[in-house]
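Report on the following structure.
The values are calculated or read from the model by the stated rules, or taken from the named source; none is laboratory data. Note that the coordinates shown come from a computational prediction; the quantities given were computed from them, not determined experimentally. Using ideal geometry, Cβ is built from the backbone for each residue, glycine included, and neighbour counts are taken over all protein chains shown. For the accessible areas, the whole protein counts, side chains as well, though only heavy atoms, and no ligand, DNA or RNA atoms are used. Shrake-Rupley method; radii C 1.70, N 1.55, O 1.52, S 1.80 Å.
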Amino acid sequence: MWRDALAEVDGVFASPPGLDRPVSGCTHCMAESELLVLGGDPADVPDDLLGYFKRKVVDHWDADQYAVLWRRFMPRALRSWGPDGEDGVDPALELGRLGRYGAGLVAWPAPERVAVERAFGALLAIAVTDGQPVGEITDLVEGIANATGGLERWLEHVGALCGPEADAGIVRLVFGWATDLLWEEMVDFSWWYDGDPQVIASWLPLQRGRVAAFAERHPRCKTAADALIAIEWLQAGDGSPWLYPYGVNARLELAS
């Protein structure tokens, strides 16, 4: 799925859009020579310079050039978020640069947007099914939702994934999100300022049957059992059944 998605992206972006002038950016942060490299052949841009571009705030760049630069770098950017990509990448931050306040992915030419969103779907499928840490999955979901302007379709995509690996991934994801909501660690998203975590809170109970079926098949799986408890308490609005894990030692010292 991922290889096919990348092949489609490579084809759609085979002739990247051109720039009508050299890249303009903050020369306090970058040398003129680096700006010239960014405006050259996308394949010649070093990884560290491309990473800097993906993370740098939007108003660092000329507004009319920003989306063009992203379209030129999109095949490489997708690979950096993929299974063979860079270590230490924050997809919630980088993907968010494609959102409405940034490169405006939703307004790109339809073939480009469709190809990119298909690749997003493949990335989510890989993340959920290959045992990635829950935090990496949730960051990816947030970034993709920010880039595309909505969360619901991606939650539907995750919920439609099939197979035992998907079942296990969804159990871990449900438990991670539910406990974050119960501990009020998810009042807002990290980088998606327009996003509403209550959309996730409404989605979690829809997964209860799938989590329960997994728990029945795997009665020794504590994550599945706890996920069911978390959904129940979340729906009841009773707070968390578990002690908040951070700062516990300090509270125990005070109690003693």
Which log10 I(q)/I(0) values, to two decimals, does the range 1-147 give at q = 0.21 Å⁻¹ under the Debye formula with one point per Cα? -1.45
Helix 110-129 against the longest principal axis of the chain: what's the angle in degrees, Cα atoms only, rounded to the nearest 10? 40
Taking the Cα centre of the chain as origin, work out the dipole magnitude from +1 charges on Lys and Arg Cβ and -1 charges on Asp and Glu Cβ, in debye rounded to 20. 480
So, in Å, what gap is there between the alpha-carbon centers of the range 59-108 and the range 20-51? 15
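How much length, in nm to one decimal, is gained on full extension between Leu206 and Ser15, taken as 0.36 nm per residue of separation minus their Cα-Cα distance?
Values: separation 191, 0.36 × 191 = 68.76 nm, distance 4.31 nm.
Contour length minus Cα-Cα distance gives 64.5 nm.
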quick shape note, the chain: Cα extents on principal axes in Å, largest first -> 63, 45, 27
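With the other protein chains left in place, how much accessible area per residue, in square angstrom, belongs to the range 21-104 at a 1.4 angstrom probe? Mind dumping the intermediate values first?
Working: 3970 Å² over 84 residues.
The answer is 47 Å² per residue.
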Can you compute the modelled spin-label distance between Val106 and Arg217, with each label point 7 Å from Cα toward Cβ, in nm? 3.6
Paramagnetic label zone (point 7 Å from Cα along Cα-to-C-beta, Arg118; backbone N under 18 Å) in the range 54-93: 74-79, 82
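How much of the accessible area of the chain, probe 1.4 Å, is carbon plus sulfur, in whole percent? Walk me through the numbers on the way to the answer.
Values: 6810 of 12940 Å².
After summing per-atom areas, the C and S share lands at 53 percent.
Taking all pairs of distinct Cα atoms, average 1/r, flip it, and tell me the Kirkwood hydrodynamic radius of the range 162-255 in Å to one decimal place.
On the way: mean 1/r = 0.0697 Å⁻¹.
Roughly 14.3 Å, rounded to one decimal.
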